[in-house]
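First up is the structure itself, then whatever we jot down about it.
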Amino acid sequence: MVVGGSQQETLDPGFVLLGTRQTDYSIGKLEERLPFMSIIVPKLFKEKWSIQWDNMKYNQNRLITLFDLHATLRDLLMNQLKLHNNNNNIDFIKIFNKIHKNWQINPSHGLSLFNKIPLNRNCDDAYISSHWCVCLKWIKIDHNNKNNNNLIYNSNDLIIKSTNVIITKINEMIIKYKPNFTKNGQCSMIKLYQIKSVEQAILPQDMVRFIRSQDEDGRIPMFQEQYTSSWSLLDWIKQFNILNNNNNNINNNDFIHESILLRIHIIVQPEYAHFEATVKLNITQHSLSNFHVTDISRIDLYEQHNWCLSDNEWAETKQYCICQKYT
């Protein structure tokens with residue numbers, strides 16, 4: 001690529017890869033959770049900021065998020081402000097101090113790429129919720145085969161209940177955005193058509209649990225205490241007998257409160273829309289409770305379905321909407 005003109009002083013984050021995400025193959029999930037990012041660095045940057053350039057090269061193949069890119073741009077701006085304030089201009093210093101104070105009050109959740117990112121960084125360190133964490137290992141559950149010897153009685157009920165929670169959550173989001181509908185139509189309430197696939201997370205012992213977002217933007221995750229086991233879904237069900245009406249038969253009182261994670265791909269009506277959601281199931285000493293949807297992704301192309309929403313609506317609004325005309 002030939003870099004010239006204004007690009008001589010420009011950092012280019014590269015292309016954003018778009019495409020259908022409803023594939024069952026892992027590449028589809030990786031494209032959504034680990035989008036390709038490249039940064040073109042001008043020659044002048046390499047010469048004047050050689051240490052930062054070396055650190056950026058060092059940070060290849062590290063766990064990076066958009067928070068880090070934001071922190072990098074902050075770092076770049078602050079360094080640029082320092083470089084251009086050669087005359088100690090009073091107004092300039094006031095602006096600089098105001099920005100610096102604001103950033104101290106609202107610190108970035110990321111790490112600047114101008115500094116070295118740890119090799120052992122995990123999803124907790126990077127503020128990544130379980131739904132988007134590629135460090136977790138997921139195993140498929142055969143939810144269609146009720147006679148599968150690996151499944152105990154009524155374990156499918158757990159999947160059905162989780163799916164119903166997802167449907168309810170999506171419909172709640174549709175109702176929430178109802179004031180934004182236009183005079184041309186409204187978003188349909190959805191119904192389950194098919195459970196496409198179910199996966200369960202094999203959770204490492206040092207993985208903390210995501211509960212919910214602490215801020216309105218959904219950028220600061222809240223985590224529970226650390227996991228103490230990497231049991232499978234079936235291990236938990238067998239251990240606590242939670243679906244066999246034998247809730248008082250506890251074999252191990254040491255595990256008072258744990259969670260399991262399910263990732264469920266569903267197809268809904270109308271329009272056979274595809275959604276993927278992560279559901280956290282809390283297991284207490286005597287029961288299964290608190291089916292909590294941590295995140296939802298719309299994984300098919302949906303622009304043609306949300307025509308009743310205005311162009312300036314956020315993607316979070318549009319992904320839930322399947323428009324229907326008023327009757």
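Among residues other than residue 302 whose Cβ falls under 9 Å from its Cβ, what is the net charge (Lys/Arg +1, Asp/Glu -1)? Here the count lands on -1.
Label sites at residue 140 and residue 57, each approximated as a point 7 angstrom past Cα along Cα to Cβ, lie 4.3 nm apart. Checked against a 20 Å cut-off, the cross-linked pairs 94/116; 176/196; 161/280 give Cα-Cα distances beyond that limit for 94/116; 176/196.
Taking amide H positions as modeled 1.01 Å from N, with prolines and chain starts lacking one, no residue 5 or more places away or on another chain lies under 5 Å from residue 135.
Computed from backbone phi, the HN-Hα couplings of the range 43-60 come to 4, 4, 5, 4, 6, 8, 10, 5, 5, 4, 5, 4, 5, 4, 5, 4, 7, 5 Hz, rounded to whole numbers (Karplus: 6.51 cos²θ - 1.76 cosθ + 1.60, θ = phi - 60°; Gly and Pro given as x). Fewest-first ordering of 199, 47, 276, 316 by other beta carbons within 10 Å of each residue's beta carbon gives 47, 316, 199, 276. Model label points for residue 316 and residue 197, set 7 angstrom from Cα along the Cα-to-Cβ axis, are 2.7 nm apart. A Förster distance of 30 Å, applied to the separation of the beta-carbon atoms of residue 157 and residue 324, puts the FRET efficiency at 0.40.
No lab work stands behind these numbers, since they all come straight from the coordinates. If you're wondering where the values come from, they're calculated on a predicted model, not measured in any experiment. When we count neighbours, we look across all protein chains shown, and the Cβ atoms used for this are built from the backbone with ideal geometry, even at glycine.
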